[in-house]
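Contents: one structure, followed by commentary.
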Amino acid sequence: MLKLISSHRLTFVILVLGFGLVVFALGGLVRPVAASPASAPIQNIVPAQGELPDNAACLFCHEKPGMSRTLPSGETLSLTIDSSHFADSAHKDIACSECHTNIVTFPHPDLQVQTLREFSLQMYTVCQKCHEEQYNKTLDSVHMRAVAAGDTNAAVCTDCHNPHTQPVITDQNGALLPEARLSIPEICARCHSAIYDAYKQSVHGAALTQEGNTDVPTCIDCHGVHNIVDPTTNAFRLQSPQICAKCHTNPAIMDKYGISTQVLNSYVADFHGTTVTLFEKITPDQVTNKPVCFDCHGVHDIKRVDDPVYGLQMKQNLLKACQRCHPDANTSFPDAWMSHYIPSPTHSAIVYYVNLFYKFFIPAVIGSMVIFVLSDIVRRLIERLKGAKHV
Amino acid sequence: MSEKKTVKKQTEPTRQPVRRFERFHWTLRLAHALLLTSFSLLGITGLPQKFASTGWAQAMIQFFGGIETTRLIHHICAIVLMFLAIYHILDTGYKIFVRRTRMSMLPGIKDVKDAFQAFIYNLGFTKKRPQMGRYTFEEKAEYWALIWGTVIMGITGFMMWNPITTARFLPGEIIPASKAAHGGEALLAVMAIVVWHMYGVHLKRFNKAMFTGKQTEEEMLHEHPLELADIKAGLAERPADPKTLRRRQIIYYPVAGVLAIAMLFGVYGFIGSEKTAITTVLPISSPVPIYVPQTPTPIPTIIAAAVPPGSLTWDASIGAVFQSKCVMCHNATLATNGLSFASYADALRGASDGPVIVPGDANSSKLVQVQSAGGHSGQLSPEELAVVKNWINAGALEK
């Protein structure tokens with residue numbers, strides 16, 4: 001009995017000890033696991049197969065300020081996403097892994113890049129998944145041609161549109177919002193700061209940057225937006241008057257500022273404009289030194305014509321412009337150009353009166369001839385009907 | 001014409017040989033052929049330039065091979081016309097001063113009367129056509145229109161061809177005015193040729209005299225009855241005797257030679273005096289350099305906070321280094337290898353297999369050993385590692 005009891009006690013002790021051992025063993029097994037990435041909170045974050053992780057899961061770590069990685073080049077790649085900016089961005093409803101396609105688990109795969117630039121160049125192609133039209137346009141752009149030619153500094157999508165902060169800049173119809181126009185030159189200035197500095201001083205740039213006037217052109221109004229062409233080509237030069245004309249022949253804009261909308265007509269009617277227009281129509285790649293708008297008015301540093309220092313209304317400034325191509329020109333030479341005026345008794349009066357003379361002289365002379373010839377025809381027909389032999 | 005209708009249309013009235021009168025010498029006919037060619041080419045290359053904005057003009061310019069070729073053709077024809085003008089001046093001078101032929105092309109009151117009479121005859125107010133001499137009023141009108149036109153076109157053409165030279169002597173505005181006049185005159189000339197010349201010598205009756213050089217007596221009778229009468233009376237030409245002719249030639253030839261050289265120099269100046277705009281270099285497309293980045297390499301994301309300067313404590317500087325480089329993996333939640341750098345206490349507690357920081361001894365600290373080996377996912381920069389080592393050696397203080 002005692003033996004039986006003691007054997008029962010022994011069994012109990014063994015059982016208790018055994019259970020304790022199992023618990024201990026399990027505890028020993030479990031504890032390191034609890035500290036590993038597969039622990040409970042992570043399991044909530046890491047998605048099931050085929051699903052993308054929730055942005056909250058990514059931001060759980062990535063909204064911490066100052067997260068970064070040092071790349072082999074020594075540069076620092078910031079890994080922090082400002083969640084408040086991201087929430088205001090056009091991409092707020094896009095899953096992180098839509099773009100960061102290789103990052104769906106933790107720990108993340110190692111970055112396979114040496115430099116920051118390499119990272120950008122590796123990433124930007126994902127934009128085409130949603131923005132195919134814009135992406136395809138960029139393929140013909142001067143920037144992408146430069147990238148293809150090995151210039152890694154040339155702009156890619158993300159250089160202009162920070163994917164984590166890019167706000168919506170178009171309305172429902174895809175038209176650019178007026179306020180979005182204000183920031184465009186600053187974006188281009190990241191790489192083209194010397195041009196931006198010149199632009200800021202120009203009549204257009206000053207109105208935009210100082211007065212917030214959105215009537216004036218920003219960079220993209222002349223250069224295009226995604227399919228930005230090389231502006232140093234002959235073709236661009238020949239087409240350029242049409243770029244200026246887009247606004248400068250539009251009375252809706254020009255009337256506000258009292259600017260003539262005859263500037264294109266008067267240019268095309270003159271030697272230079274006629275030649276440039278015909279080159280553009282017939283041989284669009286023709287090399288020419290015939291002036292286009294920006295040769296006289298400035299490229300990015302376009303000034304008002306009544307600018308007290310640089311304005312072309314001042315004869316000596318216009319003469320300087322003429323002399324760039326006609327070094328022998330004297331002070332009366334600039335008057336050969338009618339300064340975009342349509343001839344009138346007050347502007348280019350000689351031209352006006354010559355035109356007026358021929359306006360009456362030609363019909364008078366030709367009209368008299370026609371009257372005489374008609375009278376002759378009728379008379380000769382009458383005589384022929386009467387049977388005259390020699391009429 | 002005064003005959004009644006009883007005379008029916010007959011073929012040839014007689015069988016006797018038709019008498020022909022020389023009307024244009026072959027040199028004049030050659031000059032006319034050149035004039036006809038150059039004038040036509042000037043017209044068809046010039047009018048598209050006047051109306052360059054229209055589709056038909058652009059199609060024509062394209063046909064000629066572009067505006068530059070069109071202008072070249074126009075200029076070459078202008079030069080031909082200038083040579084013709086010189087020839088005509090010298091030839092006319094010879095006729096006037098040497099041969100002393102009648103200046104039958106000079107207009108007079110009779111021509112005005114003839115024109116008026118012809119017109120009222122056509123209207124039926126008179127029964128008689130005007131009787132005219134060697135040149136009818138129609139021919140004179142056309143000749144003088146051509147002279148007037150050539151002078152205007154030559155002067156205005158010169159001003160457009162040589163604008164800088166022109167501006168030295170005249171106000172610059174004269175250049176666009178020349179262009180206006182050149183275009184207006186061109187339109188007038190082409191239309192006059194179409195209306196007046198085409199009707200007068202092609203439609204009314206095809207007058208072949210300018211090609212054959214001759215007219216029949218019958219043609220002469222109808223068109224130049226007074227001249228025919230003069231010829232028959234022996235009054236038309238009074239040939240000088242060879243001696244007188246010779247004497248006049250000896251005077252005229254040197255004068256004409258000097259005149260010819262002067263005029264040829266004029267043509268040379270016309271063509272070649274100005275080339276400035278053609279030889280100047282292409283203007284540059286931008287006066288400022290194109291690629292001037294504001295940052296050395298543009299990056300799309302925000303730059304991480306740099307290591308703040310200050311005393312070597314966790315709170316002052318070291319914590320921020322761990323925050324930026326380590327906490328991504330080693331934080332309170334993830335705690336890779338049981339290690340967290342989320343706080344000072346976590347950092348000193350170390351990993352599941354022991355502490356990683358030995359205060360006062362950087363080289364014994366596992367953190368320093370791992371980082372010094374390199375290749376860690378959250379690799380500190382050499383500067384950062386140096387700062388961290390200094391901090392550990394200084395006792396790894398929190399404050």
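May I ask you to list the residues in segment A:61-84 that are hydrophobic (A, V, I, L, M, F, W, C), touching a residue at least 24 places away in the same chain (Cβ under 8 Å) and more than 18 Å from A:T165 (Cβ to Cβ)? Hit for segment A:61-84 is A:L71, nothing else. Condition first: at pLDDT below 90 and either in contact with a Gly (Cβ under 7 Å, 6 or more places away or on another chain) or within 12 Å of chain B (Cβ to nearest Cβ) (or both). Now tell me which residues in segment A:87-114 satisfy that. Across segment A:87-114, the qualifying residues are A:F106, A:P107, A:H108, A:P109, A:D110, A:L111. Only residues that are crowded, with 18+ Cβ neighbours inside 10 Å, within 13 Å of chain A (Cβ to nearest Cβ) and farther than 25 Å from A:P343 by Cα were counted across segment B:146-160, and they come to 0. One residue alone among B:I250, B:I284, B:I303, B:I278 is surrounded by fewer than 17 Cβ atoms within 10 Å (Cβ to Cβ) and at pLDDT 80 or above, and that residue is B:I250.
Of the helices (runs of 4 or more DSSP H) lying entirely inside segment B:116-218, those containing at least 1 residues that are under 23 Å from B:T27 (Cα atoms) and aromatic (F, W, Y) span B:137-161, B:209-212.
A:D151 meets each of the listed conditions (1) more than 23 Å from A:S83 (Cβ to Cβ); (2) not in a loop (DSSP other than H, G, I, E, B) apart from (2). The residues of segment A:170-199 that are over 25 Å from A:T158 (Cβ atoms) and not in a loop (DSSP other than H, G, I, E, B) amount to a single one, A:A198.
For segment A:229-266, a residue qualifies if it is more than 14 Å from chain B (Cβ to nearest Cβ) and more than 27 Å from B:I175 (Cα to Cα), and the qualifying residues are A:K246, A:C247, A:N250, A:P251, A:A252, A:I253, A:M254, A:D255, A:K256, A:Y257, A:G258.
Restricting A:T138, A:T158, A:T170 to those that are polar (S, T, N, Q), under 30 Å from A:N213 (Cα atoms), away from chain B (no Cβ under 14 Å) and surrounded by 15 or more Cβ atoms within 10 Å (Cβ to Cβ) reduces the list to A:T138.
Has segment A:365-378 got at least one residue that is under 38 Å from the mean Cα position of the chain (by Cα), surrounded by fewer than 20 Cβ atoms within 10 Å (Cβ to Cβ) and either at the interface with chain B (Cβ under 8 Å from one of its Cβ atoms) or outside any loop (DSSP other than H, G, I, E, B) (or both)? Within segment A:365-378 (the criterion being under 38 Å from the mean Cα position of the chain (by Cα), surrounded by fewer than 20 Cβ atoms within 10 Å (Cβ to Cβ) and either at the interface with chain B (Cβ under 8 Å from one of its Cβ atoms) or outside any loop (DSSP other than H, G, I, E, B) (or both)), the answer is no, since none of the residues qualifies. Residues that are under 20 Å from B:L42 (Cβ atoms), of a type in the set (V, I, T), within 7 Å of chain A (Cβ to nearest Cβ) and touching a residue at least 12 places away in the same chain (Cβ under 8 Å) within segment B:161-197 comprise just one, B:I175. Among the residues of segment B:320-342, the one identified as within 13 Å of A:P107 (Cα to Cα) and either at pLDDT 80 or above or basic (K, R) (or both) is B:H330. Across segment B:24-32, not a single residue is classified as surrounded by 17 or more Cβ atoms within 10 Å (Cβ to Cβ) and polar (S, T, N, Q). Does any residue of segment A:231-241 turn out to be in contact with a strand residue (DSSP E or B) (Cβ under 8 Å, 6 or more places away or on another chain) and part of a helix (DSSP H, G or I)? No, every residue in segment A:231-241 fails to be in contact with a strand residue (DSSP E or B) (Cβ under 8 Å, 6 or more places away or on another chain) and part of a helix (DSSP H, G or I).
Among the residues making up segment A:330-364, those that are outside any loop (DSSP other than H, G, I, E, B) and among the aromatic types (F, W, Y) are A:F333, A:Y352, A:Y353, A:F357, A:Y358, A:F360, A:F361. Could you tell me whether any residue of segment B:124-132 is more than 20 Å from A:L381 (Cα to Cα) and in contact (Cβ under 8 Å) with a residue 12 or more places away in the chain? Looking for residues that are more than 20 Å from A:L381 (Cα to Cα) and in contact (Cβ under 8 Å) with a residue 12 or more places away in the chain, one finds at least one in segment B:124-132, hence yes. For segment A:276-313, enumerate the residues that are charged (D, E, K, R), over 16 Å from B:G66 (Cα atoms) and more than 10 Å from every other protein chain (Cβ to nearest Cβ). Matches in segment A:276-313: A:K303, A:R304, A:D306, A:D307. Screening segment B:100-138 for residues that are surrounded by fewer than 18 Cβ atoms within 10 Å (Cβ to Cβ) and of a type in the set (D, E, K, R) and picking the one that is nearest to B:Q249 (Cα to Cα) gives B:R100.
Output yes when any residue across segment B:177-185 is touching a helix residue (DSSP H, G or I) at 6+ places or on another chain (Cβ under 7 Å), surrounded by fewer than 17 Cβ atoms within 10 Å (Cβ to Cβ), among the basic types (K, R) and in the same structural domain as B:P242 (by TED's automatic domain parsing), and no when none is. Checked segment B:177-185: no residue is touching a helix residue (DSSP H, G or I) at 6+ places or on another chain (Cβ under 7 Å), surrounded by fewer than 17 Cβ atoms within 10 Å (Cβ to Cβ), among the basic types (K, R) and in the same structural domain as B:P242 (by TED's automatic domain parsing). Annotation: A:A269 fulfils all but one of (1) more than 24 Å from A:S141 (Cβ to Cβ); (2) more than 14 Å from chain B (Cβ to nearest Cβ); the unmet one is (2).
The values are calculated or read from the model by the stated rules, or taken from the named source; none is laboratory data. Because the structure is a prediction, the values reported are computed rather than measured. All Cβ positions, glycine included, derive from the backbone under ideal geometry; neighbour counts span all protein chains shown.
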